[in-house]
Structures are given as C-alpha cells and as structure tokens.
C-alpha cells in the first residue's frame, strides 16, 4: 500500500500544470519575443533529455559484453528507502520527485555551489559505459549506463589539496520514501564515500541513463554513482550532494554493520562476507541448471584499479 | 468432534503437495521474478520451515483440544518438512550450482549460514529415516529422545534463515515468534507435569 503524505500547499502557490509542463517552451518563447530573433540553444532552457542513441563509449566500456535484459534490471533493485523487497521498489519508487533536481558540490573545493541538473549536464559529455555490477548478495548484472566521468565534474569545482575523500549523499524525501518515514533499519539519508583517487578514476561515473533512456526511478534516477569494481551498495542512487573531505566519511552500511560492510567494499572473491561466500555469483538472466559465474577480483577491473591498492592488505581493508 | 480424522488425513496429504504444484506452475509461466533460481530456492526453504512449524504445533493442539490420533499428522507434516528441505537442497545443488562441486564446496565452507542449514537437514534426514513404524518399534525407548532433536533442527533452520539476510527481518521474526510459542508450550507443560507425575509414580508403588 502506498500512503501519500504531502505537505499542504496553498492553492495560489500551485502552478497550473500546463504552464509548469511547458515552462521551458514558454520561457523560450518569451525570450525569443524579447530578443526579436532566434536564440542560441541554451541548455538550462532545454527539457531534460530522456533518450540517447549511438553515444560514444567510455574508455573502459565493455562493448562486447551482452547486457542483462533491461526488464530484469528494472525489477530487481535494492532501494531500501522504498522497500526491503527488490521487486516492490519498482512501483514504490515512481512516487519519487526528481524534477527539479539540484546537486550540491561542497567541502574542500575552490568553487562550491548548487547546480541544476540540467545546467550541470550541459557541461558534460555523455557517453555509454557497459559495466558489470556485482551485488554484495552474490548476484550480478551487466548494465549499459549513460553518464559522465565523475572526475570531469569534480574538476569544475576545483578540489583543494586537502580533499582526500568524497562523500555522496542520497536524497532525503520521507514524503515519498516509506522507510525514511518509518526510520526503518538504516540511518537516512543514505551516505557513501570514496577515496579521492577512486573518485577520479576514469571508471567512476555518474549515470543519468541506461539502455539508451533516462534511468528509471527505481534504478537511481535522476543521477547516480556507478563504481563498477565495488559492491553495488557503494553506487549511491539519487545523489543530491557531493562533498570533498579531509577525513574518510562515515558511510551508511559500514556504520550499520562495520564487520560486514567495509569502507572499500571492493569486489573480492577471496574475502568472504562474514556470513556468506563471495567466490561465485548468479548472473541475472542465466537459466536454470547453468553454472554460477566465478567472481573476479575487483569485479574484473583489476587491470585498471589494482594499482590504487598496491601494498594494502585487502583482507583488512575489505 | 464429528469430523472424521481419517478422511482429513488424505486431505492433508494432498494439501502438502499444493505448494509444489504452485511452484512448478510459477516456474512454467515465468512468474518467479527477476531472479527465478533464488526465488525457487527460497520458496522451497520457506515451505520446509512452515511444515516444520506445523509439525511442532500438533502436540500443543492435541493437548489443548484433547483430540486423539493426531500423531499421524505430526508424522505427515514432519515428512513434508523433510520433503521440501530435500527439494531446497536439490535446487541449490542442481539448479543453482549445476553440480559444479568445487564451487559448491567453496560456497559451503565460506558461508556460515549454510552450516546451520546443513545441520538442520541432517537432523531432518535422521528423523525422516526413523519415522516408519518398524523403526519406531526397533528404537523403543530411544525413539522419543531422538525425535526431540526436532527442536534443535528447527532452531538451526531458523538461524539459517536469519543469517543470510541483509535487510528485512520481519518474516523470519514471525517464524521466530511462532517457534518460541511452540517451544514455550513444551517448557510449560514440562514444569506442570513434573510434580504431579512424580507423585503419581510414588502412589503407584504403594
């Protein structure tokens, strides 16, 4: 059951839906009338794009990997803000309000700020990234994301020398998120983090789409982190804030069960979860009586990321 | 009181197969969701646990209602618990792991939650094997203490369930409460009958 609790809004504060829906066209028309001529295309005046075709692939995109059927990816999400049941989040997440959306970049940066998602996207080059996703629950998928390099975004904020870690905060929207309303289980909003060198690694992206279209709400719309060599819970959905920090952030799962979910959470078949093995994984979409996939160190991205952890005991820093 | 228990037994026997046909139908019509193997596996485990709880419920129901002849149902439900646990394991070995033994070995060794499942299954196996009348006769006095291992088996089964979960604990908590009620009932009756039983014996000797 979906219980909608909404703030009371005075009648005169509500914009006519038609005006709201066509606001950008209207503004364009008004500006065009003012300028008395054609207007250069302005990103902030464009509707958020929802479809992309034939994008260039990212540097480490696995073009030859067969993506998991999108129907499975769209109906199997761990989105605990909505439900502990993967299949229930699909419909519950549709209540999430994602327009307008802004992203705050703050902390150890020269140019902190709050940006409209549209303005932010206008400055980034979107590419396609076919990445494997390995959940800590020992299942995996292959997803063709559409997004941009996190490093490129962080560059625009000019990180200071003190920036050693990056903290990501997911949306706090208790009016649409039942488990935030109930304060169920985890501490909300959801927080994750990366070391700065992990954050600026070319594999790390912020995604706005998948399978050629805008990311469905249950999969983390409108903006989510994707860190393919780490367990899925590191890849925060619905990011609203990125903070550069001097010290490691306290992340949600790590705080909840520090002996089970480490800060690094690198995919590693040699380091079992305290309660279950991480040696193999069930690839979604594979049939009955087919073997499980042998999980790879760093989810198969070892060639790219292993140098980040040279000299570190991965059993200790799990 | 007017219901004939004999007829009901056949209903119970047939009813125990409904979850199996339901699962087969869901598998055939692709209704098992995005991760059908896991769904099949979990649902079989759920049914094993449910039958185990039903088995444990028979004695308290018999005591409270003073109905007679319910031991047959206890046996039937117990065997169904074993049946679904066996299918649960077949699905794990064959459907999920395609009988690739090195992967299976690693998985079992590295997953403590599976150890409790293995313990629960070993107990269920032992109890199912000693379930027939001839076995009961042969074991004599030892049969009852042996079959009290069901308490350990159900506890291990529940730990097996709890320990694999990351999030939602509502459903296993429901079974935990049921199990505590059913085991609590035995503790209570044990306390109640101990004193009078001893006096009854001493009276008999006079």
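Quick look at the numbers
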| item | result |
| --- | --- |
| Hits in the stretch A:269-286 - residues which are more than 16 Å from residue A:133 (Cα to Cα) and more than 8 Å from chain B (Cβ to nearest Cβ) | A:270, A:271, A:273 |
| Top-ranked residue of the stretch B:87-122 - restricted to ones that are surrounded by 18 or more Cβ atoms within 10 Å (Cβ to Cβ) and outside any helix (DSSP H, G or I), ranked as farthest from the other protein chains (Cβ to nearest Cβ) | B:97 |
| Those residues of the stretch B:80-115 which are over 27 Å from residue A:284 (Cβ atoms) and touching a helix residue (DSSP H, G or I) at 6+ places or on another chain (Cβ under 7 Å), in sequence order | B:80, B:81, B:82 |
| Unique match (being within 16 Å of the chain's Cα centre (by Cα) and at pLDDT 95 or above) among A:214, A:163 | A:214 |
| Criterion (out of contact with any helix residue (DSSP H, G or I) (no Cβ under 6 Å at 6 or more places or on another chain) and either more than 14 Å from every other protein chain (Cβ to nearest Cβ) or outside any loop (DSSP other than H, G, I, E, B) (or both)) met by exactly one of B:30, B:46 | B:46 |
| Per-region count, the stretch B:146-176, residues within 14 Å of another protein chain (Cβ to nearest Cβ) and under 11 Å from the mean Cα position of the chain (by Cα) | 0 |
| Enumeration of residues in the stretch B:123-133 that are at pLDDT 95 or above and either closer than 23 Å to residue B:36 by Cα or part of a helix (DSSP H, G or I) (or both) | B:123, B:124, B:125, B:126, B:127, B:128, B:129 |
| Yes/no for residue A:289 being within 14 Å of chain B (Cβ to nearest Cβ) and closer than 29 Å to residue B:99 by Cα | yes |
| Residue B:57 vs. criteria within 24 Å of residue B:171 (Cα to Cα) and in a helix (DSSP H, G or I) | yes |
| Whichever residue in the stretch A:105-114 is surrounded by fewer than 18 Cβ atoms within 10 Å (Cβ to Cβ) and within 17 Å of residue A:240 (Cβ to Cβ) and, among such residues, is nearest to the other protein chains (Cβ to nearest Cβ) | A:106 |
| Residues of the stretch A:81-101 classified as more than 14 Å from chain B (Cβ to nearest Cβ), assigned to a loop (DSSP other than H, G, I, E, B) and in contact (Cβ under 8 Å) with a residue 60 or more places away in the chain, total | 5 |
| Within the stretch B:139-161, considering residues that are without any contact (Cβ under 8 Å) to a residue 24 or more places away in the chain and within 21 Å of residue B:54 (Cβ to Cβ), the one surrounded by the most Cβ atoms within 10 Å (Cβ to Cβ) | B:147 |
| Selection within the stretch A:232-268 - in contact with a helix residue (DSSP H, G or I) (Cβ under 9 Å, 6 or more places away or on another chain), crowded, with 19+ Cβ neighbours inside 10 Å and within 14 Å of chain B (Cβ to nearest Cβ) | A:233, A:252, A:253, A:261, A:265, A:268 |
| Subset of the stretch A:292-301 that is surrounded by 15 or more Cβ atoms within 10 Å (Cβ to Cβ) and within 17 Å of residue A:131 (Cα to Cα) - its residue that is farthest from the other protein chains (Cβ to nearest Cβ) | A:301 |
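To keep it simple, each residue is scored yes or no on (1) out of contact with any helix residue (DSSP H, G or I) (no Cβ under 6 Å at 6 or more places or on another chain); (2) assigned to a helix (DSSP H, G or I); (3) away from every other protein chain (no Cβ under 14 Å).
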residue	(1), (2), (3)
B:11	yes, yes, yes
B:50	yes, yes, yes
B:68	yes, no, yes
B:78	no, yes, yes
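The values are calculated or read from the model by the stated rules, or taken from the named source; none is laboratory data. In this text, all values refer to a predicted model and were calculated from it rather than measured experimentally. Don't worry about glycine lacking a Cβ; one is built from the backbone with ideal geometry, like all the others, and counts go over all protein chains shown.
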